[in-house]
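J.: Please read through the structure below; I'll follow up with questions.
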Amino acid sequence: MGDQAVISKQLSPIETSICGAVAGAVSRLVASPLDVVKIRLQLQRGKPSFGFALNQVSRSKLLDRKYNGMLHAIGMIIREEGIRGLWKGNLSAEYLYLSYDNKLIFNKTLQPFLSGAVCGMTATVSTYPFDLLRTRFAAQGEQKVNIVVHVTYISLIQAIKQIYAQEGIEGFYRGISASVIQIIPYMGLMFGSYEIFKKSFRHLEERNLWSSNLRGIEDFLSGALAGMFSKTGIFPLDLLRRRLQIQGPDRSKYVIKNIPAYSSSIYSCIRQIVVEEGFLGLYKGLTPALLKSAPVSATTFFVYGQTKKLLESLHEIPS
């Protein structure tokens with residue numbers, strides 16, 4: 001019972017989807033502020049590592065930054081856009097989670113790894129436009145008081161129409177290669193580390209070093225640690241995906257003004273970032289990403305587990 005995977009055989013597919021939907025809605029709502037900050041820091045060029053930059057032109061562009069760290073970004077977003085600015089793009093993020101993430105996180109743990117990876121890739125391709133929309137909404141500012149900021153997208157429907165008119169279907173899939181490539185390592189790191197952390201708590205319990213009454217906390221802690229571990233492992237690809245998603249005719253109209261132009265080649269993009277910003281440039285925004293991934297993963301697994309237990313208890317009620 002202790003090593004049972006997250007999904008329960010007692011639950012129907014509809015009930016499993018309900019568990020995922022509840023967990024996803026709660027976790028996305030909690031994580032949105034840090035996600036917005038993470039995206040904006042990812043899009044912003046970093047300082048040259050160890051004083052290194054390709055040339056003085058590159059150096060001047062790199063040092064022309066809007067945000068000086070996570071706390072500064074949070075404060076500036078609130079001042080310029082109001083508290084609602086920290087939840088920009090949350091609607092498209094909810095669509096993304098309900099259609100993809102809950103299936104990937106919970107339904108694939110009982111399937112062979114390669115089968116789950118193929119399903120994950122299919123889901124990524126089919127829901128990727130929502131991820132791109134999330135990034136673009138989070139990257140744009142909003143007019144507040146006497147501060148005038150260009151707003152490219154006003155609503156979800158208007159954004160879809162504008163992207164299609166300006167960039168065609170391919171505009172919705174900018175950066176998808178980086179997203180697809182990260183699926184297998186992300187799944188491996190997430191589920192592998194989650195099971196390891198869960199089993200570690202079981203070993204502690206067997207040695208009377210952990211109470212069996214704290215199993216709800218086990219889900220919370222295991223999910224948090226697994227989320228941080230897996231996010232760190234694939235973060236460079238996540239950063240690359242965000243920067244590619246923002247490419248297009250409106251690239252210079254977002255809050256971050258110095259977003260560079262990249263080719264569609266993953267290798268050339270990574271090389272450009274390393275040359276201009278140093279190796280640490282691949283980890284811009286990692287701090288809010290880790291702070292986000294821990295509560296998101298923990299909340300997701302915890303809420304999912306509690307919802308699952310509630311639905312399972314309904315099955316046990318004698319008729």
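The values are calculated or read from the model by the stated rules, or taken from the named source; none is laboratory data. Here the structure is a predicted model, which is why all the values come from computation and not from measurement. Every residue, glycine among them, receives a Cβ derived from its backbone with ideal geometry; neighbour counts consider all protein chains shown.
J.: Just to confirm my filter: which helices (runs of 4 or more DSSP H) fall fully inside the stretch 29-114 and include at least 2 residues that are closer than 24 Å to ARG241 by Cβ and modelled with pLDDT under 55?
T.: Numbers: elements: 56-63, 70-81, 90-96.
Ranges flagged: 56-63.
J.: Since LYS198 meets every condition but one in (1) touching a residue at least 12 places away in the same chain (Cβ under 8 Å); (2) under 22 Å from the mean Cα position of the chain (by Cα); (3) in a helix (DSSP H, G or I), which condition does it not meet?
T.: Result: LYS198 fails condition (2) only.
J.: Given the criteria assigned to a helix (DSSP H, G or I), more than 30 Å from PHE191 (Cα to Cα), at pLDDT 90 or above and aromatic (Phe, Trp, Tyr), does TYR164 qualify? Please lay out each step first, then the result.
T.: Working: assigned to a helix (DSSP H, G or I): yes; more than 30 Å from PHE191 (Cα to Cα): yes; at pLDDT 90 or above: yes; aromatic (Phe, Trp, Tyr): yes.
Yes.
J.: Hey, among GLN247, GLN272, which residue is surrounded by fewer than 21 Cβ atoms within 10 Å (Cβ to Cβ), farther than 22 Å from THR152 by Cβ, more than 15 Å from the chain's Cα centre (by Cα) and not hydrophobic (A, V, I, L, M, F, W, C)? Quick ask: steps written out before the conclusion?
T.: Numbers: GLN247 fails: farther than 22 Å from THR152 by Cβ.
Sole residue among the options that is surrounded by fewer than 21 Cβ atoms within 10 Å (Cβ to Cβ), farther than 22 Å from THR152 by Cβ, more than 15 Å from the chain's Cα centre (by Cα) and not hydrophobic (A, V, I, L, M, F, W, C): GLN272.
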